[in-house]
């Protein structure tokens, strides 16, 4: 399956790509079905009410991830890419007060936020841990139209029919000049063509997109990442959700600036710079701000922090290489998603922070002049040392341990790339073996440690 760099990196809204962005996208898709009316139940009357049931991880951690609010706003016509927080707040208040919702081109419908979104704490739906069923009812209370969706990580959604059609194997991308499905094929094509990974990925992208528009889209992606870092570095206060977690990025950044001005810099302090960029992004994400999936919201800080480190701290760095960074990273992310998973609810945090670190390591290695073999090695090192990482968010919020994990993930990514650049690209464990190990580990992992908040830190930290 061909995944564009613009599929991997999507401008969205916090706090979760699978629990916030995906459900909002699913709601928008459901509205499209209602508007065309072709799938409505035969004999149903006029549409009168909307509802939704959440299952599996979407149910267990849906409150902390604002899944119910995302569904409501999605049904009201909001989409992640153009989400406006102020307008959403006004719309939410109106819906809650009146018990009515007005989807574009569908008129005013009944919708009781407290009753029409149901959290089902039973077994998850067959197919994926992140399941939801969206329903429309007629004036007599009969089902007008119903669709089952799965939010499979990174803001991607699949209907039940689309999920059933998957056979669990990576499909060969159709109609592109470099249709690599895994790292072995990628390196073979790179050697034969003499191209870098970024160059091959770009040629694949240009089959579907015009060059100038594509470059503008990628530039917009980095601008959104950079803006997110800037907001996080200049905003303080308490994060929402009830844990009273204090934002730290602003204070840390100011302290680092003061130390640099006083000539107090110690070599290890570079880790603080890397971390603060990532923390800034993930504090914005936890606050429900605009972020870019990279490849998910929960891991959104790793890659932009690595790029910011490259731009601000590496001699000779050039902003012209950011597109190569993103293309290389997306090539790695697409392979991981197609051959394993980027969903914390499916394989734990190894699929989120681990994938993000592998992508960032590959991108950084590439812009530092690494060969395709060194890039693959960098991605493997970064992913290998996140294998087995569980997803156990305290109170179902993307705050603890998620925010700090992004900082450490960025540090690991840079270290992995540095180690790979010291070698010639030959190594014992391949990236493909590492990705398959992550997939198998995810299958073996207890569901308590896969974004359900039923194990780990989530049950061993006293909520204050």
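The values are calculated or read from the model by the stated rules, or taken from the named source; none is laboratory data. Just so you know, these numbers come straight off a predicted model, no measurement behind them. Backbone-built Cβ (ideal geometry, glycine too); neighbour counts: all protein chains shown.
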Report yes if some residue within the stretch 302-312 is within 21 Å of residue 226 (Cα to Cα), without any contact (Cβ under 8 Å) to a residue 24 or more places away in the chain and in contact with a helix residue (DSSP H, G or I) (Cβ under 7 Å, 6 or more places away or on another chain); otherwise report no.
yes
Name every residue in the stretch 77-109 that is surrounded by fewer than 16 Cβ atoms within 10 Å (Cβ to Cβ) and touching a strand residue (DSSP E or B) at 6+ places or on another chain (Cβ under 6 Å), in order of residue number.
81, 108
Listed by first then second residue, the pairs whose first member lies in the stretch 376-396 and is within 9 Å of residue 416 (Cβ to Cβ), whose partner is modelled with pLDDT of 95 or more and part of a loop (DSSP other than H, G, I, E, B), with beta carbons under 7 Å and at least 6 positions apart or on separate chains, are 377/423; 377/425; 377/427; 378/370; 380/427; 380/429; 380/430; 384/429
The one condition residue 48 fails out of (1) in contact with a helix residue (DSSP H, G or I) (Cβ under 9 Å, 6 or more places away or on another chain); (2) surrounded by fewer than 24 Cβ atoms within 10 Å (Cβ to Cβ) is (1)
(1) touching a residue at least 24 places away in the same chain (Cβ under 8 Å); (2) more than 18 Å from the chain's Cα centre (by Cα) all hold for residue 42 apart from (1)
Of the listed residues (64, 74, 127, 45), the one being at pLDDT below 95 and under 22 Å from residue 397 (Cβ atoms) is 64
Take the residues of the stretch 375-388 that are surrounded by fewer than 24 Cβ atoms within 10 Å (Cβ to Cβ) and at negative phi: which is nearest to the chain's Cα centre (by Cα)?
387
Take residue 281 and tell me if it is touching a strand residue (DSSP E or B) at 6+ places or on another chain (Cβ under 8 Å), assigned to a helix (DSSP H, G or I) and either surrounded by fewer than 18 Cβ atoms within 10 Å (Cβ to Cβ) or touching a residue at least 24 places away in the same chain (Cβ under 8 Å) (or both).
yes
Apart from one, (1) part of a loop (DSSP other than H, G, I, E, B); (2) surrounded by fewer than 24 Cβ atoms within 10 Å (Cβ to Cβ) all hold for residue 15; the odd one out is (2)
Evaluate the stretch 141-148: report whether one residue or more is farther than 27 Å from residue 32 by Cα, surrounded by fewer than 16 Cβ atoms within 10 Å (Cβ to Cβ) and at pLDDT 95 or above.
no
With the stretch 401-464 as the region, which helices (runs of 4 or more DSSP H) entirely inside it contain at least 3 residues that are more than 22 Å from the chain's Cα centre (by Cα)?
402-421
Options 74, 64: the member that is buried (at least 20 other Cβ atoms within 10 Å of the Cβ), at negative phi, not assigned by TED's automatic domain parsing to the domain that holds residue 225 and not in a helix (DSSP H, G or I):
64
Would you say residue 27 is in contact (Cβ under 8 Å) with a residue 40 or more places away in the chain, surrounded by fewer than 22 Cβ atoms within 10 Å (Cβ to Cβ) and either under 23 Å from residue 288 (Cβ atoms) or assigned by TED's automatic domain parsing to the domain that holds residue 446 (or both)?
no
Looking at the stretch 227-276 only, could you name the residues that are surrounded by 18 or more Cβ atoms within 10 Å (Cβ to Cβ) and touching a residue at least 60 places away in the same chain (Cβ under 8 Å)?
228, 229, 239, 241, 243, 245, 274, 275, 276
Test: residue 123 is assigned to a loop (DSSP other than H, G, I, E, B) and crowded, with 17+ Cβ neighbours inside 10 Å
no
So, in the stretch 172-196, of the ones that are part of a loop (DSSP other than H, G, I, E, B) and surrounded by fewer than 14 Cβ atoms within 10 Å (Cβ to Cβ), which residue ends up farthest from the chain's Cα centre (by Cα)?
194
Touching a helix residue (DSSP H, G or I) at 6+ places or on another chain (Cβ under 6 Å) and modelled with pLDDT of 95 or more - does that describe any residue in the stretch 31-42?
no
